[in-house]
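The structure under discussion appears below in the form of structure tokens.
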Amino acid sequence: MFGLYDIMKFLFSFFLIMPIVTLIHLSGHIFFVTIFGGVEKKIVIGCGNKLFSLLNIEVRKYYFWNGACEFKGLKHDNRLTNMLIYLGGSIFNLVSMLTVYSLVYQNILESSVIWYQFIYFSFYIMFFSLFPMYFSDGSPSDGKAAELALRNKLEDKVTDDIFVKKIENEDSCK
């Protein structure tokens, strides 16, 4: 049955493991943004009022609920680079799942509910991120955005967890 111990495991997973998995996912997007020359990069964990910032990571009051990354411009901006940015979060989730699984399988990490929950939440985020759909606010999932980018039919580069800051007209020497 479902007991007090199960509730404690759920709360631990929800309030600690889920934000870590979200951070890994968003780091995948930022990794590819960095490779392709994005600037002013920021990862936002959670929603609500800002609690604190550390380097380019901002943690908000409801840190366990969602997350996003922001950047401005890309040096290399084409269909392939955009597709890799959209898929980057899921790539990082997959690599982290396989790494943890391998370490547990080789008895380097002890098999425990923590690693089981880590793999579960990683798969959950990866699956729903890749599922090609539009969210209720009209933004595409990462999978849908990657498909649209590949077909060159993506009008706006914003998804549920990726925001591209507008490049303002700045005075520059030409």
### Unsatisfied cross-links (Cα-Cα over 31 Å) in the set K9/K72; K9/K41; K41/K153
K9/K72; K9/K41
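Could you give the accessible area per residue of the chain, probe 1.4 Å, as a whole number in Å²? Walk me through the numbers on the way to the answer.
Details: 11030 Å² over 174 residues.
Accessible area per residue: 63 Å².
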### Task
May I ask you to order 9-19, 116-126 by the average number of other C-beta atoms within 10 Å around their residues, highest value first?
116-126, 9-19
### Query
Running Debye on region 74-149 with equal point scatterers at the Cα sites and no solvent, what base-10 log of I(q)/I(0) appears at q = 0.12, 0.13, 0.15 Å⁻¹?
-0.43, -0.49, -0.61
### Size of the chain as Cα extents on the principal axes (Å, biggest first)
66, 35, 34
#### Entry: Exposure rank, largest accessible area first [E70, E40, E58; 1.4 Å]
E40, E70, E58
### region 73-81 - phi-based ³J(HN,Hα) in whole Hz, Karplus 6.51/-1.76/1.60, Gly and Pro as x
x, 9, 6, 10, 10, 8, 4, 5, 5
### Query
Given a Förster radius of 30 Å and the C-beta distance between E110 and F2 as r, what FRET efficiency does 1/(1 + (r/R0)^6) yield to the nearest 0.05?
0.75
### Message
Could you tell me the center-to-center distance, by alpha carbons, between region 111-127 and region 1-57 in angstrom?
### Response
14 Å
### Task
Tally up the carbon and sulfur contribution to the accessible surface of the chain as a whole percent, 1.4 Å probe, everything protein left in place.
64 percent
### Query
In the chain, what percentage of the DSSP-assigned beta bridges are antiparallel, given to the nearest 5?
60 percent
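The values are calculated or read from the model by the stated rules, or taken from the named source; none is laboratory data. Here the structure is a predicted model, which is why all the values come from computation and not from measurement. Neighbour counts run over all protein chains shown; Cβ positions are idealised from the backbone, glycine included. These accessible areas exclude ligands, DNA and RNA; they are computed on the full protein's heavy atoms, side chains included. Shrake-Rupley method; radii C 1.70, N 1.55, O 1.52, S 1.80 Å.
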